[in-house]
1. Would you please classify the overall shape of the protein assembly as shown from the alpha carbon gyration tensor, given that a ≥ b ≥ c denote the square roots of the eigenvalues, rounded means a/c under 1.5, and beyond that prolate means a/b larger than b/c while oblate covers the rest?
2. Would you please classify the overall shape of segment B:30-82 from the alpha carbon gyration tensor, given that a ≥ b ≥ c denote the square roots of the eigenvalues, rounded means a/c under 1.5, and beyond that prolate means a/b larger than b/c while oblate covers the rest?
3. Keeping all protein chains in place and using 1.4 angstrom, which order do B:Glu10, D:Glu289, C:Glu238 fall into by accessible surface area, from largest down?
4. For A:Asp231, B:Asp171, give the ranking by accessible area with the largest first, probe 1.4 Å.
5. Of B:Arg268, B:Arg253, B:Arg20, which is the most mobile in a GNM of chain B whose springs link Cα atoms less than 10 angstrom apart?
6. Where along chain D is the Cβ that lies nearest the axis linking it to chain B, and how many Å separate them?
7. Could you tell me the convex hull volume per residue, in Å³, taken over the Cα atoms of segment B:155-295?
8. Label-to-label distances across copies for A:Glu153, with labels 7 Å out along Cα→Cβ, in nm, shortest first?
Protein chains: 4
Amino acid sequence: MQLRTDLAVEAREFLGEDLRDVEYSKEDVKGLTVERLHIKTKRAGQLLGKEWGRYVTITLPSLSDDMRDTDERIGVIAKEIRRLLPVNGLVLVAGLGNPEITPDALGPKCAASVLATRHISGEVARSTGLDRLRCVAVLSTGVTGQTGIETGEFVLSIVKRIKPTAVIVVDALASRRLERLGCTLQISDTGISPGAGVGNHRTKLSAETLGVPVIALGIPTVVDALTLVSDLVNVDDEREQETLREKVSPKGRAMVVTPKEVDLLVERGARLVSLSINMALHSGIETDELLALLQ
Amino acid sequence: MQLRTDLAVEAREFLGEDLRDVEYSKEDVKGLTVERLHIKTKRAGQLLGKEWGRYVTITLPSLSDDMRDTDERIGVIAKEIRRLLPVNGLVLVAGLGNPEITPDALGPKCAASVLATRHISGEVARSTGLDRLRCVAVLSTGVTGQTGIETGEFVLSIVKRIKPTAVIVVDALASRRLERLGCTLQISDTGISPGAGVGNHRTKLSAETLGVPVIALGIPTVVDALTLVSDLVNVDDEREQETLREKVSPKGRAMVVTPKEVDLLVERGARLVSLSINMALHSGIETDELLALLQ
Amino acid sequence: MQLRTDLAVEAREFLGEDLRDVEYSKEDVKGLTVERLHIKTKRAGQLLGKEWGRYVTITLPSLSDDMRDTDERIGVIAKEIRRLLPVNGLVLVAGLGNPEITPDALGPKCAASVLATRHISGEVARSTGLDRLRCVAVLSTGVTGQTGIETGEFVLSIVKRIKPTAVIVVDALASRRLERLGCTLQISDTGISPGAGVGNHRTKLSAETLGVPVIALGIPTVVDALTLVSDLVNVDDEREQETLREKVSPKGRAMVVTPKEVDLLVERGARLVSLSINMALHSGIETDELLALLQ
Amino acid sequence: MQLRTDLAVEAREFLGEDLRDVEYSKEDVKGLTVERLHIKTKRAGQLLGKEWGRYVTITLPSLSDDMRDTDERIGVIAKEIRRLLPVNGLVLVAGLGNPEITPDALGPKCAASVLATRHISGEVARSTGLDRLRCVAVLSTGVTGQTGIETGEFVLSIVKRIKPTAVIVVDALASRRLERLGCTLQISDTGISPGAGVGNHRTKLSAETLGVPVIALGIPTVVDALTLVSDLVNVDDEREQETLREKVSPKGRAMVVTPKEVDLLVERGARLVSLSINMALHSGIETDELLALLQ
């Protein structure tokens, strides 16, 4: 049976830690666990089932650890994001996923709290001091089933028009381990691979397809039920596997495992990600001033 | 490990089908499977871990079977509810659960769509023809964590004041099998036992505590993750059990299994239950007229 | 003082009914009042403060007249929309406005209920009979303040990519008369002029800017407070006008007049518009079949 | 024509400032205008069309002044509330109004953010330090049209059961002046009079009906449209009055004047009121600690 995870560190965990062309380090920064995974070749990426590139995985101590807006750890995350961004120029932030499906709503909820500034300019911006803000545009792509437009072509259309220097995409993820739900933030420079995320966004969003660096950010909101069970049960017999599959995914319907309070998890996750993005983008102004703009 | 289910038919399934003082029958009505379980003694109830009394379990063909308002099968469900109600007099409908936690929101969402009529009376009701409607009051209890008031004492306070002839309580349930999620409706005359439901409503709501018949209605929205796994894995060793428990319920945090589209499931379930209740209560008017009042 | 209205028939009312190059007719169709206004020249348009082109204004008997999905009058509205559309080819439906500001949420709420079909094609569509549906893409543009992207350039980006044969834009309108709120539907082939609508979408959305026919649909959800008062009070003195303006629009803040139940008005309006659009686009299938797809 | 206001200071403004048995003072506290109005006799109350008792009206500098959680002015408001409360004992906070009608949703939105503590007690409370919190229960009454239960009897039922030492009721208000919307907070020890508020809660909630002190809190979210117009237009002729009335309130339908961003106004107002109540009730713990509990 297959193990599904959107976290590169979990793919590495599973395949063993001595992979060629894969660099890994781990450190503790202000109470956060920061893991850095560098998949250096396409081949190593294929082995891991992940795009090659850099992944930073930040783990919070606990699911219920709800950071205040002024928590210095948000600064740690912001710094990791900023490291992957070009120094100057317009950034497009795109929230992926379905706002009406709670475990998939991380992207749109996050987008709703990212500060857009692209339309503020010239004299007005100067007189209000907003010219110290970076130029940012924000997008919520919806899902193909509701728009008839693939997420990839949606973002590409806007990219062609507004010509950002980088794109940040935010999406809900699936992890392999329940203890990671809501506590782990993955940042990568690889874009988002087809089929990743909680939803099913088919077109790849990457430097290759969009023509500019694509930073992907996500927090796992679910564990695929079949992955959880496969992880716990050893079944070799094919027929038994089939029976198990039918029990865990009746009529082929995908089931997910979450805390009952999935709404709270998504709410908090979106707040954490949007705050981190805002802080990463607008390093020219003080946290307090930024928080006031976000109200 | 323990198997948790709020469905009496699942408790019977598990314990075996030849229990003393338990009557069971099953029939097909217009494409719905209708199971009737009568737990005739307190002792049999204890054996099953359920209150003694009558349980009607109605199973729809499929999770995605989204009935139209005018589907005749809603009439079948309405008839089963009506059978448990007194013929005349005020009925209080209480939606239990947390409106902000999707898998627990069946009760409040349902309450929002039940037609309240208790305040319409006298000349106005007569002249508009609304005097053919039964007298109904509707309540959403919230959860103790947000109100500081136990669900049981909340409902009792209102019952003492408005003196209904019966109370209908609606709550999200947990089932043992994933294929039942959103497809199964349990109706019982036993009230709701402490600790039942997706949430954690401690005080019993029953004829005993409220002084009038209590009809409980629910649809399973989740399977407890530990129940799912226990059902699939045979572990006897205590230490292995502990490891398993930590994986499925990290740090003791309860996890649930649902379809990703849990929002849709709850939305549809609430619509089905509220329509059935409205039809059960107001048998004196035509479906079309009732639907017009509900807009 | 200025009178603000997004309804062409109200502009005509105000300026007098004998305008050159303006054709007007009025008829009753199944209980709906259907007015047709044809502004035949640019000059006449400037006089009226409206784009030149065709306007169809449909008035429902009452604000509280909440049509059932199967009401035949929806067919009347659908027919008027269809008349302005090309016979074949992809149509893009764009909901304009801010989903978080109730009186401005008509567009996004409507978009959420329009059936997207562009992604369903080939064998799947044929085997499910969905190949009888017209090809439709759906978009919710958000507002510039939240996205940093002008509504016009947003829609244009997507138009360039997916190349529709026509665009339908839906937006909340402001009328001059309170009795029109929620009861009047304006359909035009003129696109949407800058600054129109409840919000403030600066770029023009029209055949000229988008390169394909643009059908604009809207329902008034507010009356501008200053317009209402100017309409009732005759003040010539400039200082008195200033005092009045400060009272009705304190510190220059725009105030609107609505029924208190503006949420209900917008909800119902969005349902009416989306149903009419769905029916206009998919004339190849029966109403019942269409409604089943919309659930 | 009639002027409708729920603010006692506006009633006084209108009737003249030299009323017998009415004391009035005004001061500036940390940038807030604090007005104290004491209606000392029933007779004076009847003259003003307000219940007799004490009214404290706090005016913020501006509608868009969105206070941070830690703003010291919230402490000023909290102190005024605390002054009207008994020193010890359970307090019941009841949010009045319809959560689904934006201008009426201040009460329920506020209730959702007030900290309930009545269910936390004994050893658990002591070990977590929560025994320093005051005992609080929280209620959202809904509206009679949805529950069939009068707001007054709803609150009375719960009061009889849980026996609080005081009740705080929160409701959206109507003011006479637009510049007050969202900027003015009225606190009184008079309870809420029948028909007051944006909604239409018929039964009086007062010390007389509930048997314990009733503190009423509200923020104006609308101006009645007829009040606004009557205030600006002088019409003596009865027939002209009728014409005006029909224009401003077509078919008798009440219209209200609000800023278009009424959602934002209600959101911010509810946050301000709930923070002030939380701070008033829990003076035993630090603001920071309180804010952490509220997340």
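1. Numbers: a/c = 1.33, a/b = 1.13, b/c = 1.17.
Cα axes put the protein assembly as shown in the rounded bin.
2. Numbers: a/c = 3.70, a/b = 2.38, b/c = 1.55.
Because a/c hits 1.5 or more and a/b exceeds b/c, segment B:30-82 counts as prolate.
3. Numbers: B:Glu10 0, D:Glu289 75, C:Glu238 150 Å².
From most exposed to least exposed: C:Glu238, D:Glu289, B:Glu10.
4. Ranked list, largest accessible area first: A:Asp231, B:Asp171.
5. So, out of B:Arg268, B:Arg253, B:Arg20, the one fluctuating most is B:Arg253.
6. D:Ser157, 2
7. Working: hull volume 21.1 nm³, N = 141.
That works out to 150 Å³ per residue.
8. So the distances to the same position in the other copies read 2.3, 6.0, 6.0 nm.
The values are calculated or read from the model by the stated rules, or taken from the named source; none is laboratory data. Keep in mind the model is a prediction, meaning the values are calculated, not measured. Note: ideal-geometry Cβ built from the backbone for every residue, glycine included; neighbour counts use all protein chains shown. We work out accessible area using only protein heavy atoms, side chains counted, and drop any ligands, DNA or RNA first. Shrake-Rupley method; radii C 1.70, N 1.55, O 1.52, S 1.80 Å.
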